[in-house]
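Enquirer: Here's a structure for you.
Only the coordinates and a few stated rules stand behind these numbers; no lab work does. Here the structure is a predicted model, which is why all the values come from computation and not from measurement. As a convention, Cβ positions derive from the backbone with ideal geometry for all residues, glycine included, and neighbour counts pool all protein chains shown.
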Amino acid sequence: MLRPSTAFATRIAIVALSTSALCPPRALANCAAAPQAPAAQAPWPGIAELRALVREHGLQAEVDALAGEITEWAKSLGNNKASSLALDAFADPLGAPAALLATTDRLDAAARMDPPQLRALLDEARTFLALPAVADQSSNAVEPSLIALKALLASAAQQATTALEALEADDRAALRAGLAALLDDYLESIYIHQSKTNDNKRTWKLLQRVDAAAMHAAADSLLPLLQPKVYNALAAALRKDLAAAPPPPTVPGVTGRLMYAEETPHGWILIGSTDANSYDAKIAFALDLGGNDTWRAQSTRSDLGAPINVVLDLAGNDRYLAGEPFAQGCGLFGVSLLFDAAGKDVYEGGRGAQGCAFAGVGLLVDAQGDDRYTADAFSQGTALHGTGALLERAGNDVMALGSDGQGYGLPQGVGLLLDVAGNDQRTATGTRPSTYGTAGEFVGRAQGTAFGFRTVAPGGLGALVDGGGKDVNTVGEFGCGCGYFFGVGVVRDRGGDDQTFASRYGIATGAHHGVGAVFDDAGNDLWDNRHTASIAGNWDLTVSCLFDRAGDDRYLGEGITLGSATITSFAALVDGGGKDVYETGSDLAFARCGHADDVGRGSKSVALFLDLGGGKDTYPATSPLQPAPANGGTVVRVREDTFAEGEAKKTAVSGRGVFVDR
């Protein structure tokens with residue numbers, strides 16, 4: 001084992017050096033200024049107007065009654081463990097848009113700052129998960145020495161290990177196997193409790209015995225290592241002090257030239273050279289100074305017996321390959337942080353990859369480069385009982401996913417996909433056939449979506465925040481701002497002429513106590529979903545909204561769409577301006593809402609459609625609605641339905657809504 005020199009071991013923090021001095025030669029590009037937080041905007045159009053609209057047209061009593069109905073249903077379906085963000089949306093549907101928008105504001109600001117405010121992201125997750133704040137968040141100044149580094153790693157490993165203390169060794173092994181089985185079952189059916197081969201309820205109970213607060217505290221202590229002033233100072237010191245050191249010991253599974261290697265109880269500490277290295281070992285900490293490297297699955301995840309995993313790759317066109325589940329910034333029963341500073345990188349994952357967490361914290365940060373991500377499921381910003389995030393800082397990126405990811409929150413999880421800049425392409429469909437047997441359609445459950453295990457556990461927070469660029473998003477069933485069973489799914493796009501294509505339950509939607517929202521700041525956008533429950537159309541005890549602030553936009557919907565709510569639900573579609581095109585042949589659109597089951601429950605759904613003007617809009621040439629939607633129109637829409645139960649029938653108003661085009 002190579003021991004550091006006395007001078008190196010006692011070196012103090014280098015925190016006052018200039019930017020050029022801190023950056024290693026091959027990482028200079030990473031020191032370029034990243035997009036800063038934008039100037040404060042005027043209040044979003046439509047947010048305040050919704051309350052006035054409801055009062056003006058006499059719907060306040062209906063909204064209040066609806067909020068009470070949803071809340072009462074929530075009490076019997078698990079609201080004791082649901083998030084306050086979801087419960088507050090049910091209690092005050094008109095206030096939900098402001099709260100959800102504020103959440104995306106904070107996420108966006110933290111992601112785009114230079115350097116990114118990773119602690120702020122983790123604090124946002126703590127708040128959602130109702131975890132205590134860290135009492136003493138240390139500064140980002142870390143002494144650039146191996147002694148200090150090893151002490152930091154050992155402390156974090158102890159915290160992460162403490163998080164598992166409530167589980168005996170046999171329970172930990174059962175949980176590791178049971179988690180994989182639960183995820184496999186979930187892809188076959190979201191009703192995990194109905195599995196005939198696995199005891200998924202037991203697995204869920206074991207998961208809840210992992211101390212999420214301790215796990216997040218461990219992650220918080222390691223976050224400074226991802227700050228430029230820290231890793232650049234450490235890299236500069238290592239280059240100098242290890243230049244003449246003897247070769248380190250051989251590390252099984254690692255090829256290429258290493259500058260330092262030490263095996264610790266919680267994994268290897270490795271310093272890689274600028275050569276092209278390949279890593280396939282259990283790593284507690286790795287700093288690679290450059291080269292086109294290859295990283296295998298176990299080198300980029302935590303796991304039982306390997307509670308922490310920090311990988312910093314400073315340069316090169318790297319390949320991150322996973323021939324097995326759980327990789328690439330995967331916090332599996334621990335903390336995994338993966339940072340890539342520069343290069344055109346390739347991330348190839350299976351299930352559980354690319355910034356994901358399962359009873360842990362997993363974070364992948366890619367600072368720049370045109371990167372390519374592929375994975376099967378539970379990837380690209382996914383979490384179950386923890387926090388998983390993928391932060392893409394710059395570049396024109398391609399993300400392809402089979403299903404379940406791209407900002408996806410499962411129970412007690414916060415899943416984030418944050419993309420600061422670039423013209424990006426995201427796909428989450430094409431692998432698993434439609435839940436409803438629709439030919440040519442596939443499951444999505446992705447792109448700012450959150451799901452619960454229905455009847456077992458409430459959903460988490462799933463968020464996709466895009467900072468700008470001309471993006472193309474394609475998602476299958478359940479996606480793009482979709483919430484299911486107490487899940488809160490939200491999408492924010494800061495600008496660009498974007499195109500979004502979705503399937504059933506797509507684009508600002510949800511079902512069964514879901515909360516779904518989409519906010520678009522600017523650009524001439526296309527919202528294309530020719531399937532039911534879409535584009536601010538929803539189903540059963542759900543609150544959803546779509547706000548498009550500006551631009552000449554096109555909305556193409558069918559079924560329950562374009563501002564329509566069904567079965568004790570609330571929906572709002574607000575367009576802030578531009579010459580817009582609305583196309584649908586549905587009679588459940590443009591604020592017409594309700595369902596026979598509303599009559600059976602004695603409830604009324606409420607829907608709002610508000611186009612604030614800015615240009616002449618185009619509405620369907622023919623419409624089943626009377627009066628038909630038109631420029632300058634204001635209509636209070638009332639729908640009646642008949643509920644039949646046996647021979648008994650009841651006819652009553654099932655929904656009320658307001659259509660306004662200014």
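Enquirer: Output the relative contact order of the chain, whole-number percent, from Cα pairs under 8 angstrom with separation of 6+ residues. Present the calculation step by step, with values, prior to reporting the outcome.
Expert: On the way: 2056 pairs, mean separation 57.9, N = 662.
Relative CO of the chain lands at 9 percent.
Enquirer: For region 268-404, what value does the Rg/Rh ratio take when both radii are computed over Cα atoms and Rh is the Kirkwood radius, given to two decimals?
Expert: Expressed as Rg/Rh, it is 0.93.
Enquirer: If you fit an axis through the alpha-carbon atoms of helix 118-129 and take the longest principal axis of the Cα set of the chain, what angle between them do you get, 0 to 90°, nearest 10?
Expert: Approximately 50 degrees, to the nearest ten.
Enquirer: From the list [x] 85, 53, 45; [y] 121, 59, 43; [z] 79, 65, 54, can you say which value of Cα extents along the principal axes in Å was derived from the structure given?
Expert: Answer by label: [x].
Enquirer: Once the piece of chain linking D88 and E647 is laid out straight, how much longer is it, given 0.36 nm per residue of separation minus the C-alpha distance between them?
Expert: Working: separation 559, 0.36 × 559 = 201.24 nm, distance 3.88 nm.
Going from the current span to full extension adds 197.4 nm.
Enquirer: Working from the pairwise distances between different alpha carbons, so that the mean of 1/r is found and then inverted, what is region 65-109's Kirkwood radius in Å?
Expert: 11.2
Enquirer: For a distance above 15 Å, tell me the whole-number percent of Cα pairs in region 281-344 that qualify.
Expert: Value for region 281-344: 42 percent of Cα pairs lie more than 15 Å apart.
Enquirer: Nearest-5 percent of antiparallel DSSP beta bridges in the chain?
Expert: Of those bridges, close to 15 percent are antiparallel.
Enquirer: Can you give me the orientation-averaged projected area of the convex hull built on the Cα atoms of region 469-619, in nm²?
Expert: Mean projected area of the Cα convex hull: 7.4 nm².
Enquirer: Quick check on packing: order 362-372, 506-516, 45-55, 387-397 by the mean number of other C-beta atoms within 10 Å, highest mean leading.
Expert: 506-516, 387-397, 362-372, 45-55
Enquirer: For A621 and T438, what is the calculated FRET efficiency with R₀ set at 30 Å and r taken between the beta-carbons, to the nearest 0.05?
Expert: Once the sixth-power term is evaluated, E becomes 0.65.
Enquirer: Something else now. Alpha carbon centre of region 557-587 versus region 630-655: separation in Å?
Expert: The two parts, judged by their Cα centres, are 17 Å apart.
Enquirer: A 18 angstrom limit on the alpha carbon distance is what I want to check against. Which of K81/K205; K240/K282; K75/K205; K229/K344 exceed it?
Expert: K240/K282; K75/K205; K229/K344
Enquirer: Also, quick follow-up: If each residue's Cβ is checked for other Cβ atoms within 10 Å, how do W44, W204 rank with the fewest at the top?
Expert: Working: W44 17, W204 22.
Listing W44, W204 from fewest to most nearby Cβ atoms yields W44, W204.
Enquirer: Okay, moving on. Placing +1 at every Lys and Arg Cβ and -1 at every Asp and Glu Cβ, with all other atoms neutral, what dipole size does the chain have around its Cα centre, in debye to the nearest 20?
Expert: 1000
Enquirer: Once the Cβ-Cβ distance between V636 and D497 is put in as r, and R0 is 30 Å, what FRET efficiency do you end up with, to the nearest 0.05? Provide the component values of the computation, followed by the final result.
Expert: Details: r = 34 Å, r/R0 = 1.15.
Taking R0 as 30 Å, the efficiency between V636 and D497 is 0.30.
Enquirer: Still on this structure, I have one more. Report, in deg cm²/dmol and to the nearest 500, the calculated mean residue ellipticity at 222 nm for the chain, where each DSSP H run with n ≥ 4 adds -39500 (n - 2.57) and the sum is divided by the residue count.
Expert: Dividing the helical sum by the residues of the chain leaves -6500 deg cm²/dmol.
Enquirer: Setting aside same-chain residues fewer than 8 positions from K649, which lysines have a Cα under 28 Å from its Cα?
Expert: K604
Enquirer: With θ set to phi - 60° and the Karplus curve 6.51 cos²θ - 1.76 cosθ + 1.60, what are the ³J(HN,Hα) couplings of region 414-427 in order, to the nearest whole Hz, using x for Gly and Pro?
Expert: 10, x, 10, 10, 10, 10, 6, 7, x, 8, 10, 10, 10, 10
Enquirer: Further question on the same structure: Show me the ranking of peptides 542-550, 524-532 by mean Cβ neighbours inside 10 Å, starting with the highest.
Expert: The packing order, highest mean first, is 542-550, 524-532.
Enquirer: Shifting gears a bit: If packing is taken as the mean number of other Cβ atoms within 10 Å per residue, what is the order of 105-117, 89-101, 215-227, highest first? Can you show the working numbers first?
Expert: On the way: 105-117: 19.5, 89-101: 21.8, 215-227: 24.2.
Highest to lowest by the protection proxy: 215-227, 89-101, 105-117.
Enquirer: Under 25 Å from the Cα of K579, which lysines turn up, not counting those fewer than eight places away in the same chain?
Expert: Candidates past the 8-residue exclusion: K470, K616.
Enquirer: Give me the three principal axis extents of region 335-376 from the C-alpha atoms, as integers in angstrom, largest value leading.
Expert: 30, 21, 7
Enquirer: Restricting to Cα atoms and excluding each atom paired with itself, what does the Kirkwood estimate give for region 68-160 in Å? List each step's numbers first, then the result.
Expert: Values: mean 1/r = 0.0608 Å⁻¹.
For region 68-160, the Kirkwood estimate is 16.4 Å.
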